[in-house]
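Below: the structure, in structure tokens.
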Amino acid sequence: MKEKLKVSNLRIHARGNELLHLQQFQLHTGEIHGIIGESGSGKSLFLFAIMGLLAKGLAFEGEVEMQLDGKSMELFKLTSDAFRKLRGKEMGMVFQEPMSALNPRQYCGLQIVEAIRIHEKMDFNSAKNLALEALKDVELEDPDRIYHSYPHQISGGQRQRVMIAMATILKPALVLADEPTTALDPETGEAVLKTLVQRCKSTGSSLILVSHDLKSIAKHSENITVLRKGSLVVAGNTKSVLEGANDYVRQLLEAATLPEAEISQHSNKKLQVENIKKSFKNRGKTMEVIRNANFEIPAGETLGILGKSGSGKSTLAKILTGLERADAGNVYYSGDNLISKKITGIQMVFQDPYASLNNEITCGSAISEVFLIRGFPSAEAKRRAMNLLEKVGLSNEYYSRYPHQLSGGQRQRVCIARALAADPEILILDEAVAALDPLVQRQVLLLLKDIQKETGIIYLFITHNPEIARHFCHSAVAFHNGILS
């Protein structure tokens, strides 16, 4: 099998700190190669280096050699213009956070059409038909509606599938996928991943698949590379790596054992949701997203809210936090109607951490700000912020880092710490642990469980993963076509 990509002695560092050192990596034509590791291990950095998309301030050295049409190219020696011609045409990438990767001011379909016409001499209508076909191929219902929707008008999972369609539409020689199914429910995620893998196999494309989902890696990857803290742990055939004796790989596998929900012993307070309805209009059509949602949660308990991407889970969360207005219905907590009263005591951890954090301030300042608003002195606010960072598995050095300097999983932990800083009585977690690797995911779930046991906080745990809901939640409801059951 011919070699498609060869990496030698790749080093990436910032301000003297080495973030990644990969001595050797090989990818063959048509190979599917999985990369796993905890947040901050360098997985995404590796992909960005290959694509020539490393952030400013990051220095790199080494060799990344790609074979294309029988010719060898040293990617780090290419001009910016030459790299741009490769991206999209011969190299496609599915980013971890589609909301940040897509243009918020342009229809999703037009962005795909633009990607086609930059590299191919094709008239608009032909490109549009190709884009609609691609949207259908990645399991999106009503491709025409998705085509004419802005990114904010569709769910996180739907946005990710748009990204997959865009990355694979020109059948590139190399596809890089950075946590491509993080935001998808298991059934849809597996279907989309299967589509991605089949596309790559049918075109002979090589695929590097970054994921913290060991089941997906084991099922779809022929070979695997395990990273930890910027260094190689082990690499080789997938089966031999997962069944080998490496201690760190065993830790990742054992982390799949999730903490169990405990019986609540707190006050009689409860959250009651009664007959919530919500519809949206899109291109003159009314879409009923939520139809008569009803449930209640006692203090100290967790309610799991499940459903496929786009089923209404996140819309319900936004209604409960006052970010969306319900068409009808009421929400009560401790006797107060939260629909008509100013909402206090509720926090939310959003699905997309990059869009949730201000890139102009440090992560520590984002958390300290909450304590300052609550009236704590500056020094105490900083101390408490550092303590929360430590609780979510981030050392004090992350206090002075900016969001763009963190991995997706690290950013999500900052968001969780910021939400906890407000000392809420109700916390809505919208796919809050989906982007975390198994070790960190278990750590954060245990932290949330301990806080709930101590304070009686109510969690609304929105997830597409029934396995996590089964272990972590006291009860669960599911959305299907706008109906909660």
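The values are calculated or read from the model by the stated rules, or taken from the named source; none is laboratory data. Everything numeric in this text was worked out from a predicted model, so none of it was measured. Counting neighbours? That spans all protein chains shown, and the Cβs are built from the backbone with ideal geometry, glycine included.
Might you let me know whether region 379-391 holds any residue that is more than 27 Å from Asn465 (Cβ to Cβ), acidic (Asp, Glu) and buried (at least 16 other Cβ atoms within 10 Å of the Cβ)? Spell out how you get there, then give the answer.
Initially, region 379-391 is screened for residues more than 27 Å from Asn465 (Cβ to Cβ), giving 379-387.
Narrowing the set further to residues that are acidic (Asp, Glu) leaves 380.
Cutting the leftovers down to buried (at least 16 other Cβ atoms within 10 Å of the Cβ) gives us none.
No, the conditions are met nowhere in region 379-391.
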Of Phe60, Phe83, Phe95, Phe124, the only residue that is outside the structural domain of Ala435 (by TED's automatic domain parsing), in contact (Cβ under 8 Å) with a residue 12 or more places away in the chain and over 28 Å from Pro353 (Cα atoms) is Phe83
Is it the case that region 66-75 has a residue that's within 25 Å of His404 (Cα to Cα) and buried (at least 16 other Cβ atoms within 10 Å of the Cβ)? yes
For Ile50, which of the numbered conditions (1) in contact with a strand residue (DSSP E or B) (Cβ under 8 Å, 6 or more places away or on another chain); (2) closer than 14 Å to Leu174 by Cβ; (3) at pLDDT below 90 fails to hold? (3)
Can you report the number of residues in region 140-198 which are surrounded by fewer than 20 Cβ atoms within 10 Å (Cβ to Cβ), of a type in the set (Lys, Arg) and in contact with a Ser or Thr (Cβ under 9 Å, 6 or more places away or on another chain)? 1
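Give Ala328, Ala317, Ala355 a once-over and let me know the one that is in contact (Cβ under 8 Å) with a residue 60 or more places away in the chain, of a type outside the set (S, T, N, Q) and surrounded by fewer than 20 Cβ atoms within 10 Å (Cβ to Cβ).
Ala355
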Single residue of Ala417, Ala421, Ala381 found to be at pLDDT 90 or above, over 24 Å from Asn17 (Cα atoms) and under 18 Å from the mean Cα position of the chain (by Cα): Ala417
Just for region 429-476: of the residues that are surrounded by 20 or more Cβ atoms within 10 Å (Cβ to Cβ) and more than 19 Å from the chain's Cα centre (by Cα), which one is nearest to Gly304 (Cα to Cα)? Cys473
Kindly indicate whether Ile426 is over 20 Å from Ile297 (Cα atoms), of a type in the set (A, V, I, L, M) and buried (at least 19 other Cβ atoms within 10 Å of the Cβ). no
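Any residue at all in region 406-413 that is in the same structural domain as Gly322 (by TED's automatic domain parsing) and surrounded by fewer than 16 Cβ atoms within 10 Å (Cβ to Cβ)? Even if it seems obvious, please write down each step before you answer.
If we filter region 406-413 for residues that are in the same structural domain as Gly322 (by TED's automatic domain parsing), which is where we start, we get 406-413.
If we keep only those that are surrounded by fewer than 16 Cβ atoms within 10 Å (Cβ to Cβ) as well, we get none.
For region 406-413, residues in the same structural domain as Gly322 (by TED's automatic domain parsing) and surrounded by fewer than 16 Cβ atoms within 10 Å (Cβ to Cβ): absent.
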Whichever residue in region 240-267 is closer than 26 Å to Thr321 by Cα and hydroxyl-bearing (Ser, Thr, Tyr) and, among such residues, is modelled with the highest pLDDT: Ser267
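Criterion first (touching a Leu at 6+ places or on another chain (Cβ under 6 Å) and in contact (Cβ under 8 Å) with a residue 40 or more places away in the chain) does Ala478 satisfy it? Can you show your working first?
Numbers: touching a Leu at 6+ places or on another chain (Cβ under 6 Å): yes; in contact (Cβ under 8 Å) with a residue 40 or more places away in the chain: yes.
Against the criterion (touching a Leu at 6+ places or on another chain (Cβ under 6 Å) and in contact (Cβ under 8 Å) with a residue 40 or more places away in the chain), Ala478 qualifies.
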Can you tell me which residue is farthest from Leu338 (Cα to Cα) among those in region 268-287 that are modelled with pLDDT under 85 and of a type in the set (D, E, K, R)? Arg283
Among the residues of region 33-76, which ones are β-branched (Val, Ile, Thr) and over 21 Å from the mean Cα position of the chain (by Cα)? Val64
Just one of (1) surrounded by fewer than 19 Cβ atoms within 10 Å (Cβ to Cβ); (2) modelled with pLDDT of 90 or more trips up Ile367, so point out which. (1)
On the basis of being outside any helix (DSSP H, G or I), under 25 Å from Asn465 (Cα atoms) and either in contact (Cβ under 8 Å) with a residue 24 or more places away in the chain or β-branched (Val, Ile, Thr) (or both), does Val226 make the cut? yes
